[in-house]
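Right, one structure below, let's go through it.
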Protein chains: 2
Amino acid sequence: MSDLLERLRGRGWRMTAQRRVVAEVLNGDHVHLTADEVHARAAARLPEISRATVYNTLGELVSLGEVTEVSTDGRAKRYDPNAHRPHQHLVCSGCGTIRDVRPTGDPLADLPTGERFGFTVAEAQVTYRGLCPSCV
Amino acid sequence: MSDLLERLRGRGWRMTAQRRVVAEVLNGDHVHLTADEVHARAAARLPEISRATVYNTLGELVSLGEVTEVSTDGRAKRYDPNAHRPHQHLVCSGCGTIRDVRPTGDPLADLPTGERFGFTVAEAQVTYRGLCPSCV
DNA sequence: TCCTACGATGGACTGGATCCAAGTCAAGAA
DNA sequence: TTCTTGACTTGGATCCAGTCCATCGTAGGA
């Protein structure tokens, strides 16, 4: 998705070699890398890149709305570049594999007013859990 | 919920002062304490209790199915004693308050076979996010 | 080409959680 | 009741993910 780089440039994002490799690593469907994995892959192309820079860049991509944070297991957060298309996640309880999925219906509609406790409810995140084909 | 203690004893759980206070602290509806909060409240009754014991005990309660882990924010996990009654969570994006909620319908039914990628899907966790009345 | 404000660096630091060796004790046996 | 033993507890070390900060480097406008 090289137009991610275009979009960022169009927003006045100062372009550096580090930011470019981070944006390039986060590319494709069903990509859910941890910050450390992003750092490892970025460092394969640009060995001097520091972890702090990766964290900074990921944080900015998140606040720009280009990437979303996913934490399915209470361990390291994962970064999902598929932010322009609403979706939920299907997680394998065995190996941790994550797939993007698009359920039918609107989960927000399933929360009756009486169960909202006066909250202004804005979104619903759904995590489906099960076993992938490899984990039986 | 003193029958939690009864259930545990009935399962052959060795009863100690530490385990008792941890189980007593985790009592009531809409209780979602972090391990540190559990430790602080337990220590108010039993000052010598160590953090390791709190973690051990919480871990056992989870694997016994008496308590569930909730991680809504990527920070510390929270422990929810309301495990015997299926429910979802409504989280305030402002202050972090968590309420147990019971949506209508079955979220699992909204995931078509074509979106399951061969997984055997076992459960769906839904996290509703919004603002509570105090956070406008 | 030069300037400078913004970005990158890496090492220290934090918070949450786990590990481990040594000490303690609940509960069954006698 | 006392003994015994394996399970439980302790606290300090350690780990891991993430953040902070002082300093250095550089993208991009003048």
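The values are calculated or read from the model by the stated rules, or taken from the named source; none is laboratory data. Quick caveat, the model's predicted, so the values are computed rather than measured. FYI the Cβ positions are ideal-geometry reconstructions off the backbone, even for glycines, and counts take in every protein chain you see.
Whether any residue in the range B:16-34 is closer than 27 Å to B:Val91 by Cα, surrounded by fewer than 17 Cβ atoms within 10 Å (Cβ to Cβ) and within 12 Å of DNA strand C (Cβ to nearest atom) is what I want to check. Looking through the range B:16-34, at least one residue is closer than 27 Å to B:Val91 by Cα, surrounded by fewer than 17 Cβ atoms within 10 Å (Cβ to Cβ) and within 12 Å of DNA strand C (Cβ to nearest atom). Remark: A:Val136 falls outside the filter, which requires a residue to be among the hydrophobic types (A, V, I, L, M, F, W, C) and under 16 Å from the mean Cα position of the chain (by Cα).
I want to confirm something. Restricting to the range B:109-135 and keeping residues that are in contact (Cβ under 8 Å) with a residue 24 or more places away in the chain and facing chain A (nearest Cβ under 7 Å), which single residue is surrounded by the most Cβ atoms within 10 Å (Cβ to Cβ)? Working first, answer last.
Residues of the range B:109-135 that are in contact (Cβ under 8 Å) with a residue 24 or more places away in the chain, as a first pass: B:125-132, B:134-135.
Keeping just the survivors that are facing chain A (nearest Cβ under 7 Å) gives B:125-132.
Details: B:Gln125: 16, B:Val126: 21, B:Thr127: 19, B:Tyr128: 23, B:Arg129: 16, B:Gly130: 21, B:Leu131: 17, B:Cys132: 21.
In this case the residue turns out to be B:Tyr128.
Could you list, in sequence order, all residues of the range A:66-103 that are aliphatic (A, V, I, L, M) and either surrounded by 15 or more Cβ atoms within 10 Å (Cβ to Cβ) or more than 16 Å from DNA strand D (Cβ to nearest atom) (or both)? Hits for the range A:66-103 are A:Val67, A:Val70, A:Ala83, A:Leu90, A:Val91, A:Ile98, A:Val101.
Taking the numbered list (1) farther than 20 Å from A:Asp110 by Cα; (2) at the interface with chain A (Cβ under 7 Å from one of its Cβ atoms); (3) in contact (Cβ under 8 Å) with a residue 12 or more places away in the chain in turn, B:Thr97 passes all entries but (2). If you go through the range A:49-66 and keep only what is among the small types (Gly, Ala, Ser) and within 8 Å of DNA strand C (Cβ to nearest atom), you end up with A:Ser50, A:Ala52. The residues of the range A:30-63 that are small (Gly, Ala, Ser), within 12 Å of DNA strand D (Cβ to nearest atom) and free of Cβ contacts under 8 Å to residues at least 24 places away in the same chain, listed by number, are A:Ala40, A:Ser50, A:Ala52, A:Gly59, A:Ser63. Looking at B:Ala83, B:Ala109, just one residue is in a helix (DSSP H, G or I) and modelled with pLDDT under 95, and that residue is B:Ala109.
So that you can scan it fast, the table gives a plain yes or no per residue for (1) under 21 Å from B:Thr97 (Cα atoms); (2) among the charged types (D, E, K, R):
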| residue | (1), (2) |
| --- | --- |
| A:Arg45 | no, yes |
| A:Gly65 | no, no |
| A:Asp73 | yes, yes |
| A:Ala76 | no, no |
| A:Gly94 | no, no |
| A:Pro103 | no, no |
| A:Leu111 | yes, no |
| A:Thr127 | yes, no |
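Filtering the range B:35-45 down to residues that are surrounded by 15 or more Cβ atoms within 10 Å (Cβ to Cβ) and not small (Gly, Ala, Ser), which residue is nearest to B:Asp73 (Cα to Cα)? Per the stated criteria, the residue is B:Glu37. For the range B:35-48, residues that are within 28 Å of B:His87 (Cβ to Cβ), near DNA strand C (Cβ under 10 Å from one of its atoms) and more than 14 Å from chain A (Cβ to nearest Cβ) total 4. Examine the range A:74-97 for a residue that is in contact with a Pro (Cβ under 6 Å, 6 or more places away or on another chain), of a type outside the set (Asp, Glu) and within 30 Å of A:Thr16 (Cβ to Cβ), and state whether such a residue exists. Within the range A:74-97 (the criterion being in contact with a Pro (Cβ under 6 Å, 6 or more places away or on another chain), of a type outside the set (Asp, Glu) and within 30 Å of A:Thr16 (Cβ to Cβ)), the answer is no, since none of the residues qualifies.
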